[in-house]
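The values are calculated or read from the model by the stated rules, or taken from the named source; none is laboratory data. Since the structure is predicted, the reported quantities are computational estimates derived from the model, not experimental observations. The area values use the complete protein model at the heavy-atom level, side chains included, leaving out ligands, DNA and RNA. Shrake-Rupley method; radii C 1.70, N 1.55, O 1.52, S 1.80 Å.
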Amino acid sequence: MQLKGLNNLRVREFNKKVLMTLLYREKTASKSTLARLSNLSIPAVGKILNELQQEGRVVHSEVNLHSRGLGGGSYQVAVEDSDILCMNVSPYRIESILVDRLITAKSEFRLSEISVKTPNELLNEIERLFHDYRKQYRGRNLSLALSVHGQVNPTTGVSQNMPQAPWDSAIEIKYLLEEKLNTEILMDNDCIMLALAEKWQHTEIQRDFCVINVDYGIGSSFVINQQIYRGNLFGSGQIGHTIIDPDGSLCSCGRYGCLETIASLSAMKKKARMLLKNGAAAADKSALRTPTTQEIIEGYHQGDENLRVMVFSAARALGLSLYNFLNILNINQIYLYGRSCGFGEAWLSTVLEQSGLNPFDKTDSVKTQATHIGLGTLSREQQIMGIGYLYVEQALENRV
């Protein structure tokens with residue numbers, strides 16, 4: 001591999017990207033704020049901002065953000081006059097919110113329950129919802145940012161596998177919808193959505209962190225040195241298919257004893273159904289019904305002993321998997337998302353107890369370890385907005 005040094009031009013281009021990144025994060029900022037956050041001098045920041053203004057990438061406002069000092073107005077990224085419709089898609093629901101190019105919400109969060117049996121029906125639901133927004137925000141150009149459950153190739157825009165779907169074929173979502181909707185589409189999976197949401201909206205984010213989505217399945221996404229790590233085949237983050245028990249249950253991936261067979265909500269719902277069936281009279285038809293996720297969470301909090309045993313077993317399995325991840329990657333921060341977080345503090349404590357101390361962390365308490373594991377704090381609206389940052393990262397990559 002050929003190594004290249006940095007000349008003055010490349011350093012200036014790098015610093016431009018630093019300031020543009022800060023402006024996307026802060027939305028609007030003064031010269032002094034940009035200098036403080038970038039560790040550059042105010043004169044250096046001023047020169048770079050002047051160049052960015054001349055290139056049409058940054059706009060200046062006379063409005064001062066600080067009450068003290070002479071003030072120099074404020075700066076904002078110059079964005080095109082169009083919006084982004086952010087959607088999180090599964091075969092059972094579509095969550096959506098409209099944002100501008102700075103990823104600021106322009107609509108209320110919307111949840112649409114759907115029931116589709118084929119890929120075409122799913123595409124039709126996305127198309128219908130897109131036209132609803134286009135009609136409501138008439139005159140605005142809309143691009144589409146799609147978060148899709150399961151494995152996604154973000155380059156080709158193909159949904160390769162959607163675990164909750166009644167089909168097992170790939171769907172060329174980007175190609176088919178761009179032609180129908182006559183708009184640009186960027187897409188990735190739901191764990192990337194969460195990672196982008198944390199990266200861009202969390203005020204004290206670490207350079208290295210991981211999000212774990214503990215829901216119907218178990219997925220994860222890694223941010224290393226502030227960059228999403230996808231892997232060459234876009235299969236990074238398959239924590240749900242790490243093997244916990246080689247003699248365990250058959251997983252949908254074809255192997256036995258994966259974490260998803262123990263700790264996912266789909267696995268817990270199957271086990272809860274068997275608990276109901278075994279504990280009820282044979283004539284009780286309700287014993288054949290699979291409990292909903294909410295019923296399992298409520299039963300757990302109401303003290304159902306069988307459910308509590310099942311939930312804590314799932315938490316221990318998840319904690320053991322995270323322990324392995326900590327040893328391998330030494331990630332600074334792990335955020336847990338998904339409906340399983342509804343089990344609350346006792347569930348989280350069990351995860352923490354099993355994850356234990358990182359052997360490279362010399363502290364003597366889980367509470368003070370360098371790597372922190374905790375529940376994510378972003379609202380669902382903020383999570384869905386995360387997929388819109390695909391456009392921000394594309395803009396930074398292409399224009400700077």
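Worth pointing out:
- Degrees between helix 265-279 axis and first principal axis of the chain (Cα, 0 to 90, nearest 10): 20
- Beta bridge orientation in the chain: antiparallel %, DSSP, nearest 5: 60
- Choice from VAL58, VAL351, VAL11 with maximal GNM fluctuation in the chain (Cα, 10 Å cutoff): VAL11
- Rg(Cα)/(2.2 N^0.38 Å) for the chain, N = residue count: 1.10
- Whole-number percent relative contact order across region 6-75, with pairs defined as alpha carbons under 8 Å at least 6 apart: 31
- Members of LYS117/LYS270; LYS106/LYS180; LYS17/LYS106; LYS106/LYS269; LYS135/LYS269 lying beyond 30 Å, as alpha-carbon distances in this model show: LYS106/LYS269; LYS135/LYS269
- The long axis of helix 389-399 is offset from the longest Cα principal axis of the chain by roughly 40 degrees.
- Degrees between helix 8-26 axis and first principal axis of the chain (Cα, 0 to 90, nearest 10): 60
- For region 162-176, backbone phi angles converted through the Karplus equation (6.51, -1.76, 1.60; θ = phi - 60°) give residue-by-residue couplings of 10, x, 7, 7, x, 10, 10, 8, 6, 10, 7, 4, 4, 4, 5 Hz, Gly and Pro being listed as x.
- Ranking by accessible area, most exposed first, for LEU196, LEU176 with a 1.4 Å probe: LEU176, LEU196
- Length-normalised contact order for the chain - Cα pairs under 8 Å, 6+ apart - percent: 14
- Of all the options TRP200, TRP167, TRP347, the one that moves most in a Gaussian network model of the chain with Cα springs shorter than 10 angstrom is TRP167.
- With all protein chains in place and a 1.4 Å probe, the accessible surface of the chain carries 49 percent carbon and sulfur.
- Over the chain, accessible surface divided per residue gives 51 Å², non-protein components excluded, 1.4 Å probe.
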